[in-house]
Structures are given as C-alpha cells and as structure tokens.
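S.K.: Next up is a structure, given as structure tokens.
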Number of protein chains: 4
Amino acid sequence: MKRHKSTSFALLIIDMINDFQFKHGDMLLEHTKLIIDPILTLKKQMKEQGFPIIYVNDHYDLWQADFDKIIDRCKNDGNASLIERIKPQQDEFFLIKPKHSAFYGTALNTLLKRLKVETLIITGIAGNICVLFTANDAYMREYQLWIPEDCIASASEADNNYALKMMDHVLKASIRKSGDK
Amino acid sequence: MKRHKSTSFALLIIDMINDFQFKHGDMLLEHTKLIIDPILTLKKQMKEQGFPIIYVNDHYDLWQADFDKIIDRCKNDGNASLIERIKPQQDEFFLIKPKHSAFYGTALNTLLKRLKVETLIITGIAGNICVLFTANDAYMREYQLWIPEDCIASASEADNNYALKMMDHVLKASIRKSGDK
Amino acid sequence: MKRHKSTSFALLIIDMINDFQFKHGDMLLEHTKLIIDPILTLKKQMKEQGFPIIYVNDHYDLWQADFDKIIDRCKNDGNASLIERIKPQQDEFFLIKPKHSAFYGTALNTLLKRLKVETLIITGIAGNICVLFTANDAYMREYQLWIPEDCIASASEADNNYALKMMDHVLKASIRKSGDK
Amino acid sequence: MKRHKSTSFALLIIDMINDFQFKHGDMLLEHTKLIIDPILTLKKQMKEQGFPIIYVNDHYDLWQADFDKIIDRCKNDGNASLIERIKPQQDEFFLIKPKHSAFYGTALNTLLKRLKVETLIITGIAGNICVLFTANDAYMREYQLWIPEDCIASASEADNNYALKMMDHVLKASIRKSGDK
C-alpha cells in the first residue's frame, strides 16, 4: 500500500464474528469463506506497517462489552473454523455495534480521530448492508475510503456488485483488489 | 420505587470501575466509598422489581469491548475491595464509553429504547463531570431523571452540591435519597 | 392511508429544492418531473389528515438557516417551475442537512420524537443516495418505513429499482404506490 | 489574538436571539446587556483576521430554518435594541439548535471540520446551561476551548462563576477576558 505523507490508514473488519443464522445465511457463509484469506493477508501486511486493526461487530443482543461471549454465542458447526482464524488478537481493537453502521452507537469515530486515521479500508460482511452503510457514514464524516473488493461478501454476487458500484460512484471509494497497492 | 403505569426505569452506574489515578483522585475515592452501600441496595431493589441495571464505564484507553480487562487495568490497593463489590454481574448490561457522557460514542440510547426505558436513575462518579454531562445528554433525549443524591460522589462536596442543584434546576431531575421511593 | 391506533405518520420530502448541476443531473431532473404530482397529491392528503410535512434539504454550502436563500441559490431555467410548485409552505417544517442522510447533523430525530412519529413516509431525490441513506438511518432509529415508489427518483431507473429493493429487503420498508393506502 | 500556525479559530455566539420569557429571564437580560459590547468588539476583531463567526440559536419551536422568523418571534420591548445590535450579518453563519448543546441535532461539527477549526471561542447565554453543555460537547470532540469571561452571562453571578470554574477545571478551557489576547 502506498502510504501518502499526510495520510494514515486503518483496517476495519466488520461482522466477521457471525452466526449466519438468518435468511440466506448459508449463501453468505459460502461467500464469506472466500474472503478470509485475503483479509488475513491484508491484516498481516497492515500490522507489519504499524497500521491499526479495528473489529466492529454486532453484539448479538447481549449488550455486554465482552467479545469472548459474542464468539461463544456465534460459534456453530458451520463457522467454527472460520471464527477461529479471523477472531481478533490481543493487540487489536474491537468494538461492538448495535445496528448496521459501524459508526452508529459506537466509539469508532472517536477512536479514528485518536489514531489520526484519514483513510478507512473496509472489509467484512455483508457488503450491501453493514459494509455499505458503514461506508456512507464514513463518507459523511469525510474519511477517504478504500474497499478491497476481494475482502467483502454479500449473500448474492449481484448485491455485492451493486454495493461496490455504489461505493465507487456515490461515496468516491477506491475499489480495487487487496493485492493492488 | 413507585412504578407508574406507563413508565419504565433503568439504573445507570457510571465509572465505578475506576483507578482514581488523577488529580484529587484520593478525595474522590473517599467520597466514593460512601456511596457503594446505597448503590448496591438500590441495585438489589431494582433487580427484584425486574428493572435493568446498566453499567457504562470508561475503557481506560483500551478500546476493547472487554470489561474484565478494564477491571484488571483499574485495580490497585486502594480500590480493589470496592471494585470487587460493585463490579457488574452476568445478568447485567455493561457498555464502554470513550468520553464524559454515557451517551457519547455508545449504544446506550439504543439499549434504552429497546428496553422501553422512560426514567433514568443515574448513579456513580464523578457527580459534577460524567454524571452531570450524562444527565444533560439524557435530558436532551427527553428521558425523565432521578438522581439519588446519596449515590453520586464528586471530589469535593461543593462540586457535588452544585451538580445536584444544576440537575434539579436545569435538567428537571428529581433529586432525593435512594430510600425515598 | 390506514391510520393504525398507536401509529403516527410524517411525510419527508428530501432534496427537492435542487439545482441539478452535477453529473447526470439532467437525467435526474427528467425523472424528478414525474414525481412532483404524486408527491403534491400525497402531501395534500397527509395535511388533510393532520399529519406533519417535513422538508429536509441540502443547504448548498450556505450554512445558513434560510430556506429562501437556498431556493434563490438553486433556481435556474430548468427547475424554476418545479421549485415553485414543490417549495415548502408556511405551515410546514423545513430543516437543512449538510450530508446525504436527513438525520446526520440535523434536528430531524428530535422533531420526529416531539411529533410522536412512528412511521416515516420518505419521498424525494435521489432515491439511491439521500433517500436510501436516510431510510437506513431511520431504520437504525427504529422507525417504520413506507416508501411510495412513485414519489422517489434517481438518475437511472436501474439505480431507483435497486434502492427500492434494498429498502424492501434490508430495511423492512413497505414499498407501494402513493395511491395504495 | 495570537494565531498559531496550525490552529484555526471560530467565534460561536449562542442563543443571543432570545425572548427572555422564562424564570429569571429578567435577571439574565440584565446580565446579557453587559456582554453585548465585548462580543461585538471580539466579533469585529475576528472578522478582520478572517475567522468565521457562527451563530447557533434556539429555534423557539418553529422547526423552520428561517432566522428572520426566529428574530420576529423573539423581539419584545425589553430586547429589541439588543437583538438589533447582535443579530447575524449576511456574511456570517447561522444554525438552529433544538436543545441545550450547539452540537446536538445541528451541523455545527460538520461546519467546524469544513472550516478546519481547532479552537472554539464560545460566547453567549446562558453561561451555566447552553454555553457549558456546548463546551462539554466541544471538549468530547477534542476542540480546544477559549471562553472569554466577559462574553458569557447567566441568570446569577454565582452560576456564571461556577460554569467558568467547571470549564476551566474539567474542560481545560482557557478562561480569560476578551481583551487578553
């Protein structure tokens, strides 16, 4: 990743701790499996360059600031190995969110200001819901956006493509693969 | 507590997991010791009547949704027994906040709407800082307020009294002892 | 419109005071002309039933609470008659917004609570931008949504249709024509 | 005023368009008369140096972005000459607010970011209500604060002094006279 002089990056990982127990959840799970490797590679590269990793995740109606409980609540036969690979590490940030957007009802904006972040790299699921609405909230708060297209997934490919198109046209996001620095 | 037909209550406990490592922290600690018993009694009564208990606490710059870590970070010789008594239980809600107000950068408002809360009972520390600014944010969101005066503490008694006076006059809070139902 | 016992409605009219001076603005203007009559008819019906009409509009970088100035700033040969027909009347509410969503940086949520609104009827432009993102912000704040499909317009029909589909599937909005009460 | 290289200032004028029709309103009016000259002098100096002037004012339940209407609604025998002197000019910003804080339900934060403001100079009334709660909201958003003590007024001198003390101690504001650059 090119690091512009006055720009600092953060990697956002949205809703990857997920039980997939909802309509089309099985389809979303299949598409999610394909983005784990690209996200983990990107995360490794970001950490090597000293950029922060920030998980923002649904709290599954627990309303308790306790990520382990959320992981316990979500794990099932279908997603256990996925969660084991993607779950946050001790030196990473993790916040819970109550609604679609990672900015709504969370300390994300305050954290980003503290870290002097100017460009958000958004990854995770679902691309046309929580990723899209987080991207718009980031745009309204005047962050630059990079959406690595191989790091977001939606229930259907059409939904994912429309979300990418919207983030490109409406939110001025840079849409490119995670390997295209 | 009288339960009015169309009114639901919640008990807020603010910043009681605290390291007291700041200017006048020793004075605040002394005053805080005096409000533990009234808060615990009130909490017990509230739970018996089925009302929710909600902790909102500073996260000590950890930016991680993990209350155990915050407790570990805060404990010291001066406050260990206090924290042990007041810390949240498994059936209670706990959220982290990044700034003075329990509403700023948190899911508190969303949680209160989910619980259909109309009257907030605010307890904790410091009375003239986080309690006062939380109370104003609650007032702007049109919650009714009850501040049990024996359940908030500030570094000085004068500060505590002025905060109570402001919440009474400006925020239309009911100011009375926790035993006065 | 069926008025359910415990439900109150408000009609939102978004960004209809518009200069259309942007990419594809001419296409959006053509589509906007088609929704004026349905919006005006719906507005008349709503007012007859005593429901509030709320304009929320971009402020064209004026940062001044002055709707007349915004109208002056926007009027041109292409839209003058349109603006004349749709502009707010003295007994209607009007707020300015700085960004896509009608909730972001505005008093809309406070006004809706004051009016005890539970169901928002969203109309205006562009369907896939300001209408969609306003609808998501309304959904996160737990309003019921009705999107009269003949009262929103986007630059392209495909964009408009995808926005309607998203508001239907993701935001649980009722999508039906303004005449289908 | 010293202008530090990387720091930009804005002058906030809060609730000076006021009808004073509330408890102790007559006392507040008397104190407000004393701060008009210092505010106007400071405003003149700020404008000469190219800094923005931003009015944020209660909207008197009109919910209409129309400052002239608010002025009409507020004017009475007691305050007419005061309003005439202090009202905003065409090249100044003015926003309406629905509640105590100038940040709550307004585009103020977005405007300040657009103007690259880092230090807020807060003036107006009432010092211990809208000024204090605006100052805390500014502090939580990490603005530097300067409160010119001769440019804020409250119903009683004691209230004004306590507010100044709180903004000094708790919100790290610089408290000094408007002439002390």
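The values are calculated or read from the model by the stated rules, or taken from the named source; none is laboratory data. Keep in mind that this is a model prediction, so the values were computed, not measured. Every residue, glycine as well, gets a Cβ built from its backbone with ideal geometry; the counts of neighbours run over all protein chains shown. Please note that ligands, DNA and RNA were not included when accessible areas were found on the heavy atoms of the full protein model with its side chains. Shrake-Rupley method; radii C 1.70, N 1.55, O 1.52, S 1.80 Å.
S.K.: Amide H neighbours of A:I152 under 5 Å, counting only residues 5+ apart in sequence or on other chains, H built in-plane at 1.01 Å?
M.R.: Counting only residues 5 or more places away or on other chains, the set is A:G124.
S.K.: Let me ask something additional. Give me the distance in nm between label points sitting 7 Å out from Cα along the Cα-to-Cβ direction at C:K23 and C:Q89, one decimal.
M.R.: Rounded to a tenth, the inter-label distance reads 3.9 nm.
S.K.: Sticking with this one: For the stretch A:96-153, list log₁₀ I(q)/I(0) at each q in 0.19, 0.22, 0.23 Å⁻¹, using the Debye formula over Cα point scatterers of equal strength and ignoring solvent, two decimals each.
M.R.: Values returned for q = 0.19, 0.22, 0.23 Å⁻¹ are -0.64, -0.85, -0.93.
S.K.: Top to bottom by accessible area (1.4 Å), largest first, where do A:H24, A:H169, B:H31, C:H59 land? Could the numbers behind the result be given before it?
M.R.: On the way: A:H24 90, A:H169 115, B:H31 60, C:H59 10 Å².
Ranked from most to least accessible, the order is A:H169, A:H24, B:H31, C:H59.
S.K.: Using unit Cβ charges (K, R positive; D, E negative) and no other charged atoms, how large, in debye to the nearest 20, is the dipole of chain B about its Cα centre? Display every interim value, and only then the final one.
M.R.: On the way: 24 positive and 24 negative charges, 172 e Å.
So the magnitude is around 820 debye.
S.K.: Right, something else. Explain nothing, just compute: Karplus ³J(HN,Hα) = 6.51 cos²θ - 1.76 cosθ + 1.60, θ = phi - 60°, for every residue of the stretch D:150-167 in order, whole Hz, x for Gly and Pro.
M.R.: Along the stretch D:150-167, the couplings run 8, 10, 10, 9, 10, 4, 10, 5, 4, 4, 4, 5, 5, 4, 4, 4, 5, 5 Hz.
S.K.: From other protein chains only, count the Cβ atoms within 10 Å of every residue's Cβ in A:130-140, then give the mean. All intermediate terms of the calculation are to be shown ahead of the outcome.
M.R.: On the way: counts 1, 0, 5, 9, 0, 0, 9, 8, 0, 3, 10.
The per-residue average across the peptide is 4.
S.K.: Non-local amide H neighbours of D:Y55 (under 5 Å, H modeled in plane, Pro and chain starts lacking H): which ones?
M.R.: Correct list: D:I13, D:F93, D:F94, D:L95.
S.K.: Next up: Taking a threshold of 31 Å on the Cα-Cα distance, which of the pairs C:K43/D:K116; C:K33/C:K69; C:K87/D:K44; B:K44/B:K97; B:K44/C:K116 fall above it? It would help to have the intermediate numbers written out before the result.
M.R.: On the way: C:K43/D:K116 40 Å; C:K33/C:K69 22 Å; C:K87/D:K44 36 Å; B:K44/B:K97 24 Å; B:K44/C:K116 34 Å.
Violating the 31 Å Cα-Cα cut-off are C:K43/D:K116; C:K87/D:K44; B:K44/C:K116.
S.K.: List, largest first, the extents of the alpha carbons of the stretch C:9-176 along their principal axes, each in whole Å.
M.R.: Computed over the stretch C:9-176, the largest-to-smallest principal extents equal 39, 35, 30 Å.
S.K.: Mind checking C:101-107 for the average number of partner chain beta-carbons within 10 Å of each residue's beta-carbon? Before the final figure, lay out each step's value.
M.R.: Numbers: counts 4, 0, 2, 7, 10, 6, 12.
Across the residues of C:101-107, the mean count of other-chain Cβ atoms within 10 Å is 6.
S.K.: Also: Gaussian network model of chain C, Cα springs within a sub-10 Å range: biggest mean-square fluctuation belongs to which of C:A163, C:A135, C:A107?
M.R.: In this elastic network of chain C, the residue with the biggest mean-square fluctuation among C:A163, C:A135, C:A107 is C:A107.
S.K.: Give the calculated FRET efficiency between B:L40 and B:R176 to the nearest 0.05, with a Förster radius of 22 Å applied to their Cβ-Cβ distance. Spell out each step's value before the answer.
M.R.: Numbers: r = 18 Å, r/R0 = 0.83.
That gives a FRET efficiency of 0.75.
S.K.: When the helix-only estimate is applied to chain B (DSSP H runs of n ≥ 4, each -39,500 (n - 2.57), divided by the residue count), what is the mean residue ellipticity at 222 nm, nearest 500 deg cm²/dmol?
M.R.: Details: 7 runs with 66 residues, N = 181.
Helix contribution divided over all residues of chain B: -10500 deg cm²/dmol.
S.K.: Whole-Hz Karplus ³J(HN,Hα) for the stretch B:28-42, in order, using 6.51 cos²θ - 1.76 cosθ + 1.60 and θ = phi - 60°, x for Gly and Pro?
M.R.: Per-residue couplings from phi come out as 5, 4, 4, 5, 5, 4, 6, 9, 4, 4, x, 5, 5, 5, 5 Hz.
S.K.: Once the label point is set 7 Å along the Cα-to-beta-carbon vector, what list of distances in nm do you get between C:K23 and its counterparts in the other copies?
M.R.: 3.3, 5.2, 5.7
S.K.: I've got another one for you. Which value, in debye to the nearest 20, gives the size of the charge dipole of the protein assembly as shown about its Cα centre, when Lys and Arg are +1 and Asp and Glu are -1 at the Cβ? Display every interim value, and only then the final one.
M.R.: Values: 96 positive and 96 negative charges, 2 e Å.
Computed charge dipole of the protein assembly as shown: roughly 0 debye.
S.K.: Ordered by residue, what ³J(HN,Hα) values in Hz, to whole numbers, does the stretch A:107-114 give under the Karplus form 6.51 cos²θ - 1.76 cosθ + 1.60, where θ = phi - 60° and Gly and Pro are x?
M.R.: 8, 4, 4, 5, 4, 4, 5, 4
S.K.: So which chymotrypsin sites (Phe, Trp or Tyr not before Pro) in the stretch D:1-101 pass both tests, a DSSP loop state and at most 15 other Cβ atoms within 10 Å of the Cβ?
M.R.: Working: sites: D:F9, D:F20, D:F22, D:Y55, D:Y60, D:W63, D:F67, D:F93, D:F94; in loops: D:F20, D:F22, D:Y60, D:W63.
Sites meeting the loop and neighbour criteria: D:F22.
S.K.: Something else: What percent of all Cα-Cα pairs in the protein assembly as shown falls into each 20 Å bin, going from 0 up to the bin containing the maximum distance?
M.R.: 17, 49, 33, 2
S.K.: Further question: Whose Cβ in chain C comes nearest the axis that rotates C onto D, and by how many Å?
M.R.: Looking at chain C's Cβ atoms against the axis toward D, the nearest is C:A65, 2.
S.K.: Of C:Q21, C:S101, C:H59, whose Cα points farthest to the positive end of the dipole of chain C (charges on the beta-carbon: +1 Lys, Arg; -1 Asp, Glu; origin at the Cα centre)?
M.R.: The listed residue farthest towards the positive side: C:S101.
S.K.: A:D91 label points, 7 Å along Cα→Cβ, one per copy: pairwise distances from this copy to the rest in nm, shortest first?
M.R.: 4.2, 5.4, 6.6
S.K.: Also, I was wondering about something else. For B:K113 and A:K47, what does the FRET efficiency come to when R0 = 35 Å and r is the distance between their Cβ atoms, rounded to the nearest 0.05?
M.R.: Numbers: r = 37 Å, r/R0 = 1.07.
For B:K113 and A:K47, the calculated efficiency is 0.40.
S.K.: Something else: Using a 1.4 angstrom probe and counting only protein chains, how large is the accessible area of D:R114 in Å², to 10?
M.R.: It works out to around 100 Å².
S.K.: Between chains B and D, what is the buried accessible area in Å², counting both sides, with a 1.4 Å probe and ligands, DNA and RNA left out, to the nearest 100?
M.R.: On the way: alone 9360 and 9390 Å², together 16880 Å².
Summed over both sides, the interface buries about 1900 Å².
S.K.: D:M16's amide H: which non-local residues (gap 5+, or another chain) put their own amide H closer than 5 Å, with H modeled 1.01 Å from N in plane and none for Pro or chain starts?
M.R.: Placed amide hydrogens put D:I125 under 5 Å from D:M16.
S.K.: Right, another one. Leaving out ligands and nucleic acids, note down the accessible area per residue over the protein assembly as shown with a 1.4 angstrom probe, in whole Å². Intermediate values should be presented prior to the final figure.
M.R.: Working: 28970 Å² over 724 residues.
That works out to 40 Å² per residue.
S.K.: Further, regarding this structure: Relative contact order of the stretch C:9-176, please, whole-number percent, based on alpha carbon pairs below 8 angstrom and at least 6 residues apart.
M.R.: On the way: 279 pairs, mean separation 48.6, N = 168.
This gives 29 percent for the stretch C:9-176.
S.K.: If you put +1 on each Lys and Arg Cβ and -1 on each Asp and Glu Cβ, how big is the dipole of the stretch C:125-181 around its Cα centre, in Debye rounded to 20?
M.R.: Values: 6 positive and 8 negative charges, 36 e Å.
Using only the charged Cβ atoms, the result is roughly 180 debye.
S.K.: In the stretch D:9-176, if the dipole is taken from +1 on Lys/Arg beta carbons and -1 on Asp/Glu beta carbons about the Cα centre, which of D:A158, D:S81, D:Q45 is farthest to the positive end?
M.R.: Farthest towards the positive pole: D:Q45.
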